[in-house]
Amino acid sequence: MAGDRGLELEDLLRASAEMLGKGGFGTAYKAILDDGNVVAVKRLKDLSVNGKKEFEQHMEVLGRLRHPNLVGFKAYYFARDEKLLVYEYMPNGNLFWLLHGNRGPGRTPLDWTTRLKIAAGTARGISFIHNSCKSLKLIHGNIKSTNVLIDKNGNAKVSDFGFSVFISPSSSVSKSNGYRAPEAALDGRKLTQKSDIYSFGVLLLELLTGKCPSIMDNTAPGSGYSSVIDLPRWVQSVVREEWTAEVFDLELMRYKDIEEEMVGLLQIAMACTQASPDQRPKINYVVKMIDELRGVEVSPAHDTLDSVSESPSVSEDTCRASE
Ligand SMILES: Nc1ncnc2c1ncn2[C@@H]1O[C@H](COP(=O)(O)OP(=O)(O)OP(=O)(O)O)[C@@H](O)[C@H]1O
């Protein structure tokens, strides 16, 4: 097992495991180790990997991405028939469930301040990925609300970064999920930092509207066929008709004096989901705009904007090795 010293494959095999869910890249498990430590293990399937060396080089790059808004990547295991990734376990679930889960009477709505904090944290995590390697434009490739996990202090942590390089062209992995930029919807190889920005914009719209971008709309014409709601297009049409207030999640209506912030975040989301990749802002600028909305003073110690480029980056050699 490579990565975290002390963690051996035998430890994982002895651990008691419980399935967390199935995703496009495999199945995730919660594993409780003998020493009481809890980790999340992802068992990968259907990757387009040319060999152990390519996989290991890529894992080395991902392993060096350490940031408070990224889920910690602890170790990996590679064999012909088995590929495992080990992450720190996030006990508070994911953003998808916070927004759309437990719709019953006991539901606690996700308040506005928390939504803004999650938006800001997610943007910081993406910013770190985009800026951490100077010789290679690293991308996340699969930004969506199930990949934003919440830690015990309510901070957003981005997970599942960097797998897009292993998606085989024939794979169906999230090609048509509601977060995919139009230019990348048909061809996963067209994923770029700009398509990450689009996906992040959709995630912001999800936070603002409370609507799930990948939900099936059974009211689509020609019943029997369902289609995925195109959240950016729906929001644009409502705003064009000057019914902007209608886009916001009804659960947000109970909070006072947040309209200006909601409209501000909506403008950022709409800029991120521009159809033309060149018109979408860079993530550093998005971080700055969200911080301004929150009235957060960006101290020089923060890893945003200019200081992003000063934050410890993945070494040039490691980057080149993965190209
Ligand atoms: N480190 C972790 N800690 C806690 N829960 C996790 C962790 N990683 C993943 N999960 C949860 O496990 C479930 C499955 O995750 P997984 O990443 O395999 O699929 P996904 O996010 O639904 O899709 P994709 O594979 O496209 O990212 C999700 O509910 C996810 O939130």
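The values are calculated or read from the model by the stated rules, or taken from the named source; none is laboratory data. Keep in mind the model is a prediction, meaning the values are calculated, not measured. Virtual Cβ from ideal backbone geometry, glycine too; neighbours counted across all protein chains shown.
Brief remarks follow.
- Looking only at the stretch 85-116, and only at residues there that are within 18 Å of residue 202 (Cα to Cα) and polar (S, T, N, Q), the one that is farthest from the ligand (Cβ to nearest atom): 114
- For residue 92: the one exception among (1) assigned to a strand (DSSP E or B); (2) touching a strand residue (DSSP E or B) at 6+ places or on another chain (Cβ under 6 Å); (3) surrounded by fewer than 21 Cβ atoms within 10 Å (Cβ to Cβ): (1)
- Evaluation of residue 138 against (1) within 15 Å of the chain's Cα centre (by Cα); (2) within 19 Å of residue 249 (Cα to Cα); (3) assigned to a loop (DSSP other than H, G, I, E, B) (one fails), failing number: (2)
- Qualifying residue in the stretch 117-124 (condition: under 16 Å from the mean Cα position of the chain (by Cα), over 16 Å from residue 88 (Cβ atoms) and within 16 Å of the ligand (Cβ to nearest atom)): yes
- Residue in the stretch 150-171 that is out of contact with any Leu (no Cβ under 8 Å at 6 or more places or on another chain), in a loop (DSSP other than H, G, I, E, B), surrounded by 24 or more Cβ atoms within 10 Å (Cβ to Cβ) and modelled with pLDDT of 90 or more present: no
- Among the residues of the stretch 29-71, the one identified as of a type in the set (Gly, Ala, Ser), loosely packed, with under 15 Cβ neighbours inside 10 Å and in contact with a helix residue (DSSP H, G or I) (Cβ under 7 Å, 6 or more places away or on another chain) is 48.
- Looking only at residues in the stretch 125-152 that are touching a strand residue (DSSP E or B) at 6+ places or on another chain (Cβ under 6 Å) and not aliphatic (A, V, I, L, M), the one that is farthest from the ligand (Cβ to nearest atom) is 125.
- Of all residues making up the stretch 233-286, the number that are closer than 21 Å to residue 183 by Cα, surrounded by 13 or more Cβ atoms within 10 Å (Cβ to Cβ) and of a type in the set (Ser, Thr, Tyr): 1
- Of all residues making up the stretch 185-226, the number that are closer than 30 Å to residue 259 by Cβ, among the hydrophobic types (A, V, I, L, M, F, W, C) and at pLDDT 80 or above: 9
- Residues of the stretch 127-136 include none that is outside the structural domain of residue 184 (by TED's automatic domain parsing) and within 24 Å of residue 268 (Cα to Cα).
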